[in-house]
1. Does the range 146-155 contain any residue that is of a type outside the set (Gly, Ala, Ser), outside any helix (DSSP H, G or I) and open to solvent by 40 Å² or more (accessible area, probe 1.4 Å)?
2. Within the range 103-120, count every residue that is touching a residue at least 60 places away in the same chain (Cβ under 8 Å), out of contact with any Phe, Trp or Tyr (no Cβ under 8 Å at 6 or more places or on another chain) and open to solvent by 20 Å² or more (accessible area, probe 1.4 Å).
3. Could you tell me which of the residues TYR184, TYR200, TYR230 is farther than 21 Å from TYR327 by Cα, under 25 Å from the mean Cα position of the chain (by Cα) and assigned to a helix (DSSP H, G or I)?
4. In the range 121-135, how many are surrounded by fewer than 20 Cβ atoms within 10 Å (Cβ to Cβ) and either acidic (Asp, Glu) or within 24 Å of ARG298 (Cα to Cα) (or both)?
5. For the range 268-305, give me each residue that is at pLDDT 95 or above, closer than 22 Å to GLU248 by Cα and surrounded by fewer than 17 Cβ atoms within 10 Å (Cβ to Cβ).
6. What are the pairs with Cβ atoms under 7 angstrom where one residue, in the range 147-165, is basic (Lys, Arg) and the other, located anywhere, is not in a loop (DSSP other than H, G, I, E, B)? Sequence gap at least six, or different chains.
7. Quick check on my filter: what residues within the range 313-341 are loosely packed, with under 11 Cβ neighbours inside 10 Å and under 12 Å from LEU229 (Cβ atoms)?
8. From LEU51, LEU67, LEU89, which residue is part of a loop (DSSP other than H, G, I, E, B), among the hydrophobic types (A, V, I, L, M, F, W, C) and at pLDDT below 95?
Amino acid sequence: MRKSRVQRMVLATCLGSLLLVIFYFQSGPSPVAEDRILSSSWLGKTGRSPLQALYDNDQLQHSPLHLVHQRRRELLSQMCNLYTRKRRLLSPEDLRHLVVDDEHGLLYCYVPKVACTNWKRVMMVLTGGSKYRDPLEIPAHEAHVPTNLKTLADYSPAEINRRLRAYLKFLFVREPFERLVSAYRNKFTRSYNTAFHRRYGTKIIQRHRQHPSPEALARGNDVRFEEFLYYLIDPHTRKEEPFNEHWERAHSLCHPCLVHYDVVGKYETLEEDAAYVLGLIGADQAGLHFPSSSKITRTTDGETARFFKGISPFYQRRLFNLYKMDYLLFNYSIPSYLQLR
C-alpha cells in the first residue's frame, strides 16, 4: 500500500513538471532581453537572431510597416487580456500547427486557406528539407506531407520552451467568413476532393437535408453552403470531434493568447507581410521570395457576400458568434452583408 502511494506521488510530480516546463509565460522576461543575457547566442548559434532583428533594429523601428505590425501585436494583447479570463497550460496537441525552422530561428503557425501551402513550401526551402531551391517547384501535395517539416510538438518540453522564447513566432490570418467560404468551395465543390465528400459530405447531407437521394447519401459530393453552415453550428458536431483544420477558428489552431506572436500577417496584405518576415532573416538578399498568389480562384469579399445572401439572420448570428473571437483578436470588422440585428 505504501509503495503504491509513493509511486502515485512520483508519477504526479513528473506529470506536473512536464506541464510546467511546456507552459510559456507571456509575462516572463522578454525574448529580446533573454537573448541579450545569452550574449547573442540562440540555441547553439551565434549572431543576430530574427527576434533581435525585429526588436533591436533602429532603422526598422521607424518604418510604416513595422508600426503596423506593432499595432497588431498590441491589439492582440489587449483583446486577449479583455476576453481571456482563464489561462491554461499548453499541451503538445496545441503545438502541432507550429512549424519549426531551426536554421533561421522561426516558428510559423499555419492556418489552412491562408496561403499555408506556399508558406510550407518556403519553410521547406529554408530548413533544407527539400531538394528544390524555388518554392514553386515543390508540388503542393509534398508541402503537406507531415514528415517534410517538423512541428513544435516533435520536441521535448525543455526544447519547446527554449524555442518559444528564442525564436521569432509568426502566423497569417484571414477575414474569417472569407476563409470559411474558401474552405467550402475547395472541399465541397471540387470534384477531386472525394475524401472530403465521403468523410464529411455524406454526414452533412444525412443530418441536414430533408429527403436526400441515395446517390447524395453515398457520394456526399453536392453539399450546399447552407447545409455546411448548419453542420458547423450544430452542437452535436463539436461534441463528436474537433472541427477539421480547414474550418477551425484561427485562434483555436494557433492559440495567440498563450503563444506570444511577434508578427501577425494578414492574407489581405500577404505580399508585403511575407516580405517583412523573410526580410528579418535576410532571405530576400539570398534570392528567396514568397511566391505570388493566384488571383484566379481566390475567394473575394464580394463572392463571400453572395454565399451569405440566402442565409437567414438567425443562422448568420449563430455562425458569427462561433467565429467572433477571430474577428476580435485579429481586428476584422463585422461584414456589411451580415444582418445581425
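1. Checked against the condition, which is being of a type outside the set (Gly, Ala, Ser), outside any helix (DSSP H, G or I) and open to solvent by 40 Å² or more (accessible area, probe 1.4 Å), the range 146-155 yields at least one hit.
2. Number of matching residues: 2.
3. Answer to the selection: TYR200.
4. Adding up the residues that qualify gives 1.
5. Residues satisfying the conditions are GLU268, THR269, ALA305.
6. LYS150/VAL100; ARG163/VAL100; ARG163/LEU107; ARG163/LEU152; ARG165/PRO31; ARG165/GLU34
7. Of everything in the range 313-341, just one residue is loosely packed, with under 11 Cβ neighbours inside 10 Å and under 12 Å from LEU229 (Cβ atoms), namely PHE314.
8. Working: LEU51 fails: part of a loop (DSSP other than H, G, I, E, B); LEU67 fails: part of a loop (DSSP other than H, G, I, E, B).
Checking each option against the conditions leaves just LEU89.
The values are calculated or read from the model by the stated rules, or taken from the named source; none is laboratory data. This is a predicted model, so every value here is computed, not measured. Counting neighbours? That spans all protein chains shown, and the Cβs are built from the backbone with ideal geometry, glycine included. Heads up: the accessible areas ignore ligands, DNA and RNA and are worked out on the full protein's heavy atoms, side chains in. Shrake-Rupley method; radii C 1.70, N 1.55, O 1.52, S 1.80 Å.
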